[in-house]
Every structure is written in C-alpha cells, then in structure tokens.
1. Mind checking which residues of the range 74-93 are among the basic types (Lys, Arg) and either touching a residue at least 60 places away in the same chain (Cβ under 8 Å) or surrounded by fewer than 16 Cβ atoms within 10 Å (Cβ to Cβ) (or both)?
2. Return the residues of the range 37-73 that are surrounded by 17 or more Cβ atoms within 10 Å (Cβ to Cβ) and either of a type in the set (Ser, Thr, Tyr) or modelled with pLDDT under 95 (or both); say none if nothing qualifies.
3. Just checking, which of Ile117, Ile158, Ile97, Ile166 is touching a Lys or Arg at 6+ places or on another chain (Cβ under 9 Å) and either of a type in the set (Lys, Arg) or over 20 Å from Phe186 (Cα atoms) (or both)?
4. Does the range 198-230 hold any residues that are assigned to a loop (DSSP other than H, G, I, E, B) and either within 12 Å of the ligand (Cβ to nearest atom) or under 17 Å from Lys26 (Cα atoms) (or both), and which are they?
5. Do the conditions hold for Ser55, that is, is it assigned to a helix (DSSP H, G or I), in contact with a helix residue (DSSP H, G or I) (Cβ under 8 Å, 6 or more places away or on another chain) and farther than 26 Å from Gly205 by Cβ?
6. Is there a residue being touching a residue at least 60 places away in the same chain (Cβ under 8 Å), away from the ligand (no atom under 16 Å from the Cβ) and not in a helix (DSSP H, G or I) anywhere in the range 115-123?
7. For the range 9-26, how many residues meet the condition of being more than 12 Å from the ligand (Cβ to nearest atom) and either within 18 Å of the chain's Cα centre (by Cα) or part of a helix (DSSP H, G or I) (or both)?
Amino acid sequence: MTNKYMYFIANWKMFGGLNSLNSLHKVVKFFKNFKNNKFSKIIYCPPNTLIRPMSKKLKFTNIEVGAQNCHENLSYGAFTGSVNSKMLKSVGAKYVIIGHSENRQEGETNKLINLKIKSALNSNLKVIFCIGETQKEKRKKITKQILNKQLSLGLHKIRNKKNIIIAYEPVWSIGTGLIPKSKQLFETISFIKNKNKSLKVLYGGSVNPKNIDQLKSISNIDGYLIGGASQDSKKFIDIIKKTYN
Ligand code: PEP
C-alpha cells in the first residue's frame, strides 16, 4: 500500500492507429472514479500522429498527453522527418520523453539530449528524462558512473529542474521481462535522488501487473514509465490499482 503521489506514464512507442484511441475509454472511466486519483497522474505518450486526436479525446479528463521525442531546434527548419517541441506543444502535448535508450541506440548523444531538454523546457513542456545502463555496463559494474555521466551531461547548465522528471530505465530491462533486484533498485534510485535532490525518479523496464507487487514495495520510486503493458488498458489499470492495494 502506498499513499505517495505516483506517476503512471504510458509509452506507446511506434504502436497505435486512430482506432487504438477507443481503448482509452476504459482507463478514463476507471481513473475518473479511482479513489486515489488525487495522488496519481496518468500521462499517455503516443506516437506523434495521435497526439492531437488523443488530446481532444482526453480534454475533459484528468489524464494528460506527452510526446516521445523532439528535435533540438526551437525554430522551423529543413529537418526532414523531425518535429520540434513547440510543434508538439501546439497539438496538445504537455510532456516529452527525452533520452530514451531506443533513441540513444540510434546515436542520440548526451550532448544532443541536453539540447533537446533545453528546447522542451523553453517550449513549456515538462520533460521525462530517461537514463539507464546497458547489460554490458552492468556486468562491468559501472552503472553509477554511467548514470552520473548521463545526468551531468544531460542536465548541463539547466538550473531550474522543477519541470524535469527522471525515468531510470536499465536498458537490459526494457521489453525483456527482467527487472532489477529490489535492494539494487532502491540503491540506484537513492543514488539518482542524492545527485538531484527534489527530483522525482520513476522506474521503467518491463513493469507489468505481475511484478508491480515487488516494485511497489520499493519506497523511493515515484512512479513508472510503462511500455508494452501500457498498450493494454486492462494491464495498465491493473498496474495502477495494484500500486495502491
Ligand atoms: C519503455 O520503453 O520505456 C519501457 C519501459 O518499455 P517496457 O515496459 O515494454 O519494458
């Protein structure tokens, strides 16, 4: 049982068409009547193509919408295939995920992530800043060094961090069904919090209705970034309900 304010962030990745929005009504109905809805926040981060219709659909609800990435340039430009933070804001996004490991694997550097975070904050978007070590880095026992580097370079020269939420997502845990051992996860979250006092720190990586009982017992986690399980309304609702049971 928790009585802490908790975030439940759904990362739909590159999944979902217009018909996927039909699945939202179950979550909307559930959350409207949920007794702990004052102590929790749901944020959906769909593909860019769904931000506008999803925002319209969720307009009179207590659920918010975010994007999954943005370009670092604040003005329009010749960047084929890209969308900047202002454009995302203009279609209804209030948040943006930045530094997801799937984008880091495509070549996104800490320096570029820092520019993206600055541009998002400039556009008045709140940032969900992802950090996490790979399996190889974990084996080499350099997790803390990696997180330290990602945090210091990613947040370089950003003084006001009140609109930033950290999501600790071990790369080896995303989509694999594996989660860190509880003691280890508690220690890693504490390490991140000690570096960034007052910042909320979420956990992400294979969160599902089966492992939520274990995860919710880790007292310093402020919520979850949920990929696969968030595309299934029933699983997503189960995760939220079980967090408070
Ligand atoms: C993610 O991609 O942010 C994520 C946590 O995915 P999954 O829950 O599917 O591991």
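1. Taking the range 74-93 and keeping what is among the basic types (Lys, Arg), we get 86, 89.
Correct list: empty.
2. The answer is Ser40, Tyr44, Ser55.
3. Matching residue, one of Ile117, Ile158, Ile97, Ile166: Ile158.
4. Gly205, Ser206, Val207, Asn208, Pro209, Asn211, Gly227
5. Numbers: assigned to a helix (DSSP H, G or I): yes; in contact with a helix residue (DSSP H, G or I) (Cβ under 8 Å, 6 or more places away or on another chain): no; farther than 26 Å from Gly205 by Cβ: yes.
Answer is no for this residue.
6. So far as the range 115-123 goes, no, none of its residues is touching a residue at least 60 places away in the same chain (Cβ under 8 Å), away from the ligand (no atom under 16 Å from the Cβ) and not in a helix (DSSP H, G or I).
7. Of the range 9-26, the ones more than 12 Å from the ligand (Cβ to nearest atom) are 16-26.
Filter once more, so that each one left must be either within 18 Å of the chain's Cα centre (by Cα) or part of a helix (DSSP H, G or I) (or both): 16, 18-26.
Qualifying residue count for the region: 10.
For every residue, the table says whether it meets (1) under 23 Å from Ser40 (Cβ atoms); (2) over 18 Å from the mean Cα position of the chain (by Cα); (3) among the aromatic types (Phe, Trp, Tyr).
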| residue | (1), (2), (3) |
| --- | --- |
| Gly154 | no, no, no |
| Pro209 | yes, no, no |
| Ile240 | yes, no, no |
| Asn245 | yes, yes, no |
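The values are calculated or read from the model by the stated rules, or taken from the named source; none is laboratory data. Quick caveat: nothing in here was measured; it's all calculated off a predicted structure. Every residue, glycine among them, receives a Cβ derived from its backbone with ideal geometry; neighbour counts consider all protein chains shown.
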